[in-house]
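First up is the structure itself, then whatever we jot down about it.
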Amino acid sequence: MVKSWTDRSFYVIVYSLVALAIVVTLYPFIYVVSISMSSVEAIDNKLVTFLPVNLNFDGYKMVLGYSELWKSYYNTIWYTVVGTVFNLVATCLAAYPLSRKAFFLRRKLNFYIAFTMYFSGGLIPIYMVITELGLYNTRWAMILPVLVSTFNVMILRSAFEAIPNEIFESANMDGAKDFTLLFRIAIPLTKPTLAVLTLYYAVAHWNDFFNALLYLGKSELQPLQIFLRRVLIMASPEIMQKMGGETAAKALAVSTLQVRYVSIVVSILPIITIYPFIQKYFVRGITLGAVKG
């Protein structure tokens, strides 16, 4: 089939916009990686524009040899793994009963859950609750306050509602109870949606720094994002001195800009590694959990 000139023009415009979006998205990341791998002279002379110039990994040796980075890394991994598991369990337990028409509190609870999307108690009351519960300066302060996302509950609720009711009725006639229906039927049939929610929760925990600023005063409990904040925003000289080791010459041999960009690359590597394995579930998972009109 021969396409008209209007169709060809349309495809040219679409492909051009897609290519532009790819360039705008990828170039900053490639530039950060290139700076992190270039020599100090090339960085100081602003010779790096796209690819690394005079490959040099002193910045990585310096950052990866800093012990506090690994403490922050461990804390972030702990918050991400444990927090995501708790998030998924709580979201499933909240979404399943809200998807069952036989649940007598279904309409009222759906209203109250939706209400929290628009109104909250505010920062100070939440901080007071956390401190009164004894969660301040504990790991659970990074998990319990963000245990359930209302938006994710609604996505998973809609995914459960999309399952034909005849499946639940048949299993119920065979003696299956609610927990059996949830863990043996509902969850296996909504794996794509759960995969998407897993990524949502994991990325949120990995990038969370505001709750750490509020509730974690102990440096040994602070996540990687607080370390990045000190390096990128505050440009803490104490970090540069500690990274440099015994001699200040080693710290001066590595550009401060390079240290910042190396820290960025090191912090995003796990998410970049995991994302390709979950990306295939995105379209199917969001569509399965979509709110139908």
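The values are calculated or read from the model by the stated rules, or taken from the named source; none is laboratory data. The structure displayed is predicted, hence computed values, not measured ones. Glycine gets a Cβ as well: all are built from the backbone with ideal geometry, and neighbour counts include every protein chain shown. Please note that ligands, DNA and RNA were not included when accessible areas were found on the heavy atoms of the full protein model with its side chains. Shrake-Rupley method; radii C 1.70, N 1.55, O 1.52, S 1.80 Å.
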Checklist entry - Could you list, in sequence order, the residues of the stretch 130-145 that are part of a helix (DSSP H, G or I) and either open to solvent by less than 80 Å² (accessible area, probe 1.4 Å) or within 12 Å of His205 (Cα to Cα) (or both)? => result Ile130, Thr131, Arg139, Ala141, Met142, Leu144, Pro145
Checklist entry - Regarding Ala114, is this residue open to solvent by less than 50 Å² (accessible area, probe 1.4 Å), in contact with a Gly (Cβ under 8 Å, 6 or more places away or on another chain) and either more than 30 Å from Ala212 (Cα to Cα) or at pLDDT below 85 (or both)? => result no
Next on the checklist: Of the residues Val85, Val148, only one is assigned by the TED database to the domain that holds Ala204 and either within 30 Å of Val266 (Cβ to Cβ) or not in a loop (DSSP other than H, G, I, E, B) (or both); which?
Outcome noted: Val85
Item to check | Subset of the stretch 37-61 [assigned to a helix (DSSP H, G or I) and either touching a Lys or Arg at 6+ places or on another chain (Cβ under 7 Å) or open to solvent by 40 Å² or more (accessible area, probe 1.4 Å) (or both)] | outcome: Met37, Glu41, Asp44, Asp58, Lys61
Checklist entry - Is there any pair with a first residue in the stretch 190-214 that is farther than 13 Å from Leu228 by Cβ and assigned by the TED database to the domain that holds Trp140 and a second that is open to solvent by less than 60 Å² (accessible area, probe 1.4 Å) and part of a loop (DSSP other than H, G, I, E, B) whose Cβ atoms are under 6 Å apart and which are 6 or more apart or on different chains, and what are they? => result Thr193/Gly289
Next on the checklist: Anything in the stretch 170-208 that is open to solvent by 10 Å² or more (accessible area, probe 1.4 Å), farther than 20 Å from Ile268 by Cβ and of a type in the set (Ser, Thr, Tyr)? List them, or say none.
Outcome noted: Ser170, Thr180
Checklist entry - Which ones in the stretch 65-82 are part of a helix (DSSP H, G or I) and surrounded by 15 or more Cβ atoms within 10 Å (Cβ to Cβ)? => result Glu68, Leu69, Lys71, Ser72, Tyr73, Asn75, Thr76, Ile77, Trp78, Tyr79, Thr80, Val82
Checklist entry - Exactly one of (1) aliphatic (A, V, I, L, M); (2) within 30 Å of Ala202 (Cβ to Cβ); (3) assigned by the TED database to the domain that holds Ile155 is unmet by Ile30. Its number? => result (3)
Next on the checklist: Checking the condition open to solvent by less than 70 Å² (accessible area, probe 1.4 Å), under 21 Å from Thr193 (Cβ atoms) and in a loop (DSSP other than H, G, I, E, B), which residue from Phe160, Phe103 passes?
Outcome noted: Phe103
Next on the checklist: Return the residues of the stretch 132-160 that are more than 14 Å from Ser99 (Cα to Cα) and of a type in the set (D, E, K, R); say none if nothing qualifies.
Outcome noted: Glu132, Arg139
